[in-house]
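Okay, structure first, notes after.
The values are calculated or read from the model by the stated rules, or taken from the named source; none is laboratory data. This is a predicted model, so every value here is computed, not measured. Glycine also receives a Cβ, built like all others from the backbone with ideal geometry; neighbour counts cover every protein chain displayed.
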Amino acid sequence: MTPTDETELSDAIMAAVSPVRIISGGTRPIGHATGEKLSVAAMSGIILHEPGALTLVARTGTPVAEIEATLAEKNQRLAFEPMDHRALMGTTGTPTIGGVVAANVSGPRRISVGACRDFLLGVRFVDGAGRVVKNGGRVMKNVTGYDLVKLMAGSYGTLGVLTEVSLKVLPSVEAEVTLALTGLDDATAISAMSRALGSPYEVTGVAHDPAHAVTQFRLEGFSASVAYRAAELRTLLQPFGTLQDVDGDWAAIRDVTAFADKSGDVWRISVKPSEAAHLAARIGADAIQYDWGGGLIWALCPAGTDVRAAMGTTIGHATLIRGKGVTFHPEPAPLAAISTGLRAKFDPRGILNTGIMG
């Protein structure tokens, strides 16, 4: 099924007698959804861009590249820098804004500006009963009875099929600089990253690559401000070594391209930075990459590694991005009950992306 508009999508869902598997660009086949393919790729196009209001409205099949190009013409950007999964997953296709929102895909800048859901102003979607639902709006200040906007971000199509999203965008920056420390072990690198993030110097990216013992810090903004903050950061982190200017490849960090051509399972683990180094040492990974100051661990593990068992009582959650097994971390009982109730409300027949959370 490839509907071209909201009406066709609603009709297709109402007519469905078995589960449907929702796809768009096909770049991140995460989870184990079953059923007939329902593609929203044909529902594409930017509906509205108001540079002065810092807002953009697009149909969900719109390629991310098209949105980024349109914003760049007005010196604007998607500040949450969504990850491109193609290299890591070995997929082709075209990343779309609907897939980004459905999976709440966010990059290294999340530590400073927030996640995709924090930039989502409004949504339109078709639920499992074929009803068209609208929530939120096209302005930053919007009051509604239920915040379905935030709920839809990260729901992976289990509550409804997104048809349109409204996003807050931000201006592009005048200058960017990346500074790096070398030779630090994981625990020391995380201490340095935590100190930088706790400073007033507005660091917008902090990542550590244990394989090369390189810890990177990104600063963005007006040129004079970046220069001042870089100088202050050098002084602040002097106990950890001398910061050097480097050519930061934050797209590679964002997309975890270091794991792209290597065999094994890939896990995405969210954890307290203070526990990240200890956890990384326990899970038996072949390679590790830290982002978000240590709050996000990317782990390349031998196939079949049970990372969740290795976590033990560590507070956090692990998602199997590439490999065979249960994709998402089991929810605590109270949260699972809420999730079940929501799916029963919005997808009473249980046909939308059935099994994706398994």
Qualifying residues in the stretch 333-358 (those that are touching a residue at least 60 places away in the same chain (Cβ under 8 Å) and more than 16 Å from residue 31 (Cβ to Cβ)) - the one surrounded by the most Cβ atoms within 10 Å (Cβ to Cβ): 346
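Okay, residues lined up against (1) touching a Lys or Arg at 6+ places or on another chain (Cβ under 8 Å); (2) farther than 14 Å from residue 100 by Cα:
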site	(1), (2)
19	no, yes
39	no, yes
47	yes, yes
66	no, no
72	no, yes
So residue 299, is it assigned to a loop (DSSP other than H, G, I, E, B), small (Gly, Ala, Ser) and closer than 27 Å to residue 263 by Cβ: no
Given (1) part of a loop (DSSP other than H, G, I, E, B); (2) surrounded by 16 or more Cβ atoms within 10 Å (Cβ to Cβ); (3) of a type outside the set (A, V, I, L, M); (4) in contact (Cβ under 8 Å) with a residue 40 or more places away in the chain, index of the condition residue 10 fails: (1)
Test: residue in the stretch 49-59 that is assigned to a loop (DSSP other than H, G, I, E, B) and at negative phi: no
The stretch 307-330: number of residues that are among the charged types (D, E, K, R) and either surrounded by 15 or more Cβ atoms within 10 Å (Cβ to Cβ) or in a strand (DSSP E or B) (or both): 2
Meets criteria (of a type outside the set (Lys, Arg), under 16 Å from the mean Cα position of the chain (by Cα) and modelled with pLDDT of 95 or more) for residue 318: no
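The rows are residues; the columns are (1) out of contact with any strand residue (DSSP E or B) (no Cβ under 7 Å at 6 or more places or on another chain); (2) in contact (Cβ under 8 Å) with a residue 40 or more places away in the chain.
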site: 147; (1), (2): yes, no
site: 153; (1), (2): no, yes
site: 156; (1), (2): yes, yes
site: 161; (1), (2): no, yes
site: 165; (1), (2): no, yes
site: 170; (1), (2): no, yes
site: 178; (1), (2): no, yes
site: 181; (1), (2): no, yes
Considering residues of the stretch 13-36 that are in contact with a Gly (Cβ under 9 Å, 6 or more places away or on another chain) and surrounded by fewer than 16 Cβ atoms within 10 Å (Cβ to Cβ) only, the residue modelled with the lowest pLDDT: 34
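Can you pull out the residues in the stretch 217-235 that are assigned to a helix (DSSP H, G or I) and either among the acidic types (Asp, Glu) or surrounded by fewer than 17 Cβ atoms within 10 Å (Cβ to Cβ) (or both)?
Scanning the stretch 217-235 gives 223, 224, 225, 227, 228, 231, 232, 234, 235.
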Condition met for residue 56 (in contact (Cβ under 8 Å) with a residue 40 or more places away in the chain, more than 30 Å from residue 264 (Cα to Cα) and buried (at least 23 other Cβ atoms within 10 Å of the Cβ)): yes
Residue 263 vs. criteria among the hydroxyl-bearing types (Ser, Thr, Tyr), part of a loop (DSSP other than H, G, I, E, B) and either touching a helix residue (DSSP H, G or I) at 6+ places or on another chain (Cβ under 6 Å) or more than 23 Å from residue 176 (Cβ to Cβ) (or both): yes
Only one of 119, 125, 80 that is out of contact with any strand residue (DSSP E or B) (no Cβ under 8 Å at 6 or more places or on another chain) and in the same structural domain as residue 63 (by TED's automatic domain parsing): 80
Number of positions in the stretch 332-358 that are under 18 Å from residue 33 (Cα atoms) and in a loop (DSSP other than H, G, I, E, B): 11
From the options 158, 178, residue that is touching a helix residue (DSSP H, G or I) at 6+ places or on another chain (Cβ under 9 Å) and modelled with pLDDT under 90: 158
